[in-house]
Amino acid sequence: MRTQVGIIGAGPAGLMLSHLLHLQGIESVIIENRTREEIEGTIRAGVLEQGTVDLMKATGVGERLSREAHFHHGIELRFNRKGHRINMHELTGGKNVTVYAQHEVIKDLVAARLQAGGELIFNAGDVSLHDLDTATPKIRFRKDKAGELQEIVCDFIAGCDGFHGPCRAAIPGTVRKTYEKKYPLGWLGILIEAPPSAPELVYAHHERGFALLSTRSPEIQRLYIQVDPTDDIANWSDDRIWTELHARLETDEGWKLIEGPIIQKGIIAMRSFVCDPMQYGRLFLAGDAAHIVPPTGAKGLNLAVADVQVLARGFDAFYKTRKTELLERYSATCLRRIWKAERFSSFMTSLLHVNMDHSPFERGIQLAELDYITSSRAASTSLAENYVGLPMEW
Ligand code: RFL
Ligand code: PHB
């Protein structure tokens, strides 16, 4: 088999790249090791930056999003039992916070690719990369996990296989530098069947730990609480989760948390990670394969979409003019913006979580920071412009 761009991974990065390439008349094949049902059913991100929404609409995959997403003008920061609204719309000149689940983005992109006759190979096994420093890099895989070994000869390979996939490791250790921070923090996330308790997202700082109130639909809500990342979900009965949520979100203003049946729960650990460079020979990494942010800034999916926009432009220039300049600059172009998102995600994480090792002095500084951000227009504008998404850099 032969293609122009072989894409490993059908997450937001891989699917959006394939979609953009198709619009530019460039052929691609996506190799994914999970089934379509699995990728369309995995619960992950919820918040889209304005740029992600604009791109989806401009490229013909924003129709359902326009109908079903929730467009919020702000978020609430809650601490000391009081809510403080950050009006993102006003502070950023009209940008919104869009709540639309990642698996809905995936469903829309898979449908668009299949409708356009795109080639997606699900449930592939033993995916491996070869000859990356030649003009004909190759992907090998087994169909339906155990079939005969097949090979795709490509002009380029896009490594869109998430944090645990094989692509990053295909860049020799001598070439690749990695930067990492692990936090002693985890999020216990739940989905509940209930109406929303608040009109916008609530990020709550409380001495018992962080809590986040998000939404999915008028009937389904998404909530998170800070827990020990090594904790076992079996230790968290529904009653215990509700007790923590009530304690951390309660206000003196008579606000009420609406409970409902918990239909899904799980714990995730948090890390910050950057791989530099994001390119080796004819392999280009994009999204979580190259970088991870803690979810507090709601940036991961959006960074993945930003990377592939830069990459798609580079491929476009290559196929139109054979010029490789943009592709050569891919890594440096993306990393400038990625480091700013790393900064913001790490800042939001330390602003809102409770660090058990903090001295009373450090805790005082943290509360002063929350007070400053919610009372200074300059500080809340800085938070707002990062949250809705910094402009693309080309
Ligand atoms: P993905 O989504 O991990 O997709 C990678 C795909 O590659 C496949 N794969 C392989 N395929 C073939 N061969 C192999 N050997 C393979 N190994 C893996 C995988 O099956 C998968 O389908 O990476 P991508 O495309 O880079 O997208 C990144 C985003 O998924 C991620 O950054 C976000 O989910 C992060 N995130 C959030 N991002 C936001 O922008 N806004 C949010 O509000 C937000 N909230 C979150 C989040 C992530 C969370 N979790 C669960 C980590 C909330 C949470 C709780
Ligand atoms: C979510 O709805 O899953 C969500 C919202 C905001 C975040 C992270 C996750 O910062």
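Any read-out appearing in this document is the output of simple, stated calculations on the displayed coordinates, not a laboratory observation. The structure displayed is predicted, hence computed values, not measured ones. Cβ placement follows ideal geometry from the backbone for every residue including glycine, while neighbour counts extend to all protein chains displayed.
Odds and ends about this structure:
- Toward the positive end of the charge dipole of the stretch 207-342, with +1 on the Cβ of Lys and Arg and -1 on the Cβ of Asp and Glu, the farthest Cα among ILE292, LEU212, TRP339 is that of TRP339.
- C-alpha long axis of helix 238-249 to longest principal axis of the chain, angle in °: 70 degrees
- Counted residue by residue at 0.36 nm each, then reduced by the alpha carbon distance between them, the extension gain from SER382 to ARG36 reaches 120.6 nm.
- Gyration tensor verdict on the stretch 160-203 (Cα atoms; rounded if a/c is under 1.5, prolate if a/b is larger than b/c, oblate otherwise): prolate
- Relative packing of 176-182, 268-274, which averages over residues the other C-beta atoms within 10 Å, highest first: 268-274, 176-182
- If you run the Gaussian network model on the chain, springs between alpha carbon atoms under 10 Å, then out of GLN366, GLN226, GLN150 the most flexible one is GLN150.
- Farthest towards the positive end of the charge dipole of the stretch 24-107, among the residues MET56, ILE31, THR92, is the Cα of THR92, using unit charges on the Cβ of Lys, Arg, Asp and Glu.
- In the chain, the DSSP-assigned H stretches of four residues or longer account for a calculated mean residue ellipticity at 222 nm of -11500 deg cm²/dmol, using -39500 (n - 2.57) per stretch and the full residue count as denominator.
- What the phi angles of the stretch 121-132 give under the Karplus curve with 6.51, -1.76 and 1.60, with θ = phi - 60°, is a coupling list of 10, 8, 6, 6, x, 6, 6, 9, 10, 9, 6, 5 Hz, glycine and proline written as x.
- Between SER346, SER331, SER237, the residue with the greatest mean-square fluctuation in the GNM of the chain (Cα pairs under 10 Å linked by springs) is SER237.
- Gyration tensor verdict on the stretch 62-136 (Cα atoms; rounded if a/c is under 1.5, prolate if a/b is larger than b/c, oblate otherwise): prolate
- Other residues with beta-carbon under 14 Å from the beta-carbon of ASN87 carry, at +1 per Lys or Arg and -1 per Asp or Glu, a net charge of -1.
- Working from label points 7 Å from Cα in the Cα-to-Cβ sense, the GLN24 to SER128 distance is 3.0 nm.
- Straight-distance candidates among the lysines for linking to LYS57, with alpha-carbon spacing under 18 Å and chain neighbours fewer than 8 residues away dropped: LYS95, LYS107.
- Additional length obtainable on full extension of the chain from ALA58 to VAL354, 0.36 nm per residue less Cα span: 102.5 nm
- Check: the chain dipole with +1 on Lys, Arg Cβ and -1 on Asp, Glu Cβ, in debye: 820 debye
- Alpha-carbon spread of the chain, three principal axes, descending order, Å: 64, 41, 41
- Of all lysines in the structure, those lying under 17 Å Cα to Cα from LYS82, and not within fewer than 8 positions of it along the same chain, are LYS256.
- What you get for the stretch 131-203, charging only the Cβ of Lys and Arg (+1) and of Asp and Glu (-1), is a dipole of about 340 debye around the Cα centre.
- Computed from Cα atoms, the angle from the helix 102-115 axis to the main principal axis of the chain rounds to 30 degrees.
- Computed from point charges on the beta carbon alone (+1 for Lys and Arg, -1 for Asp and Glu), the dipole magnitude for the stretch 163-265 about its Cα centre is near 840 Debye.
- Measuring max minus min along each principal axis, the C-alpha atoms of the stretch 183-266 give extents of 32, 28, 21 Å (largest first).
- Gyration tensor verdict on the stretch 1-123 (Cα atoms; rounded if a/c is under 1.5, prolate if a/b is larger than b/c, oblate otherwise): prolate
- Cα-projected label distance for LYS143 with LYS256, points at 7 Å along beta-carbon direction, nm: 5.8 nm
- Within the stretch 1-159, percent of DSSP bridges classed antiparallel, to nearest 5: 60 percent
- For LYS177, a cut-off of 29 angstrom between C-alpha atoms picks up these lysines, skipping any fewer than 8 places away in its own chain: LYS138, LYS299, LYS323, LYS340.
- Length-normalised contact order for the chain - Cα pairs under 8 Å, 6+ apart - percent: 20 percent
- The long axis of helix 377-388 is offset from the longest Cα principal axis of the chain by roughly 40 degrees.
- Peptide packing for 94-105, 376-387 was compared via the average number of neighbouring C-beta atoms within 10 Å per residue; ordered from the highest value, the list is 94-105, 376-387.
- Percent antiparallel among DSSP beta bridges (both partners in the chain, rounded to 5): 75 percent
- Extended-chain gain in nm, criterion 0.36 nm per residue less alpha-carbon gap, ARG322 and HIS84: 80.4 nm
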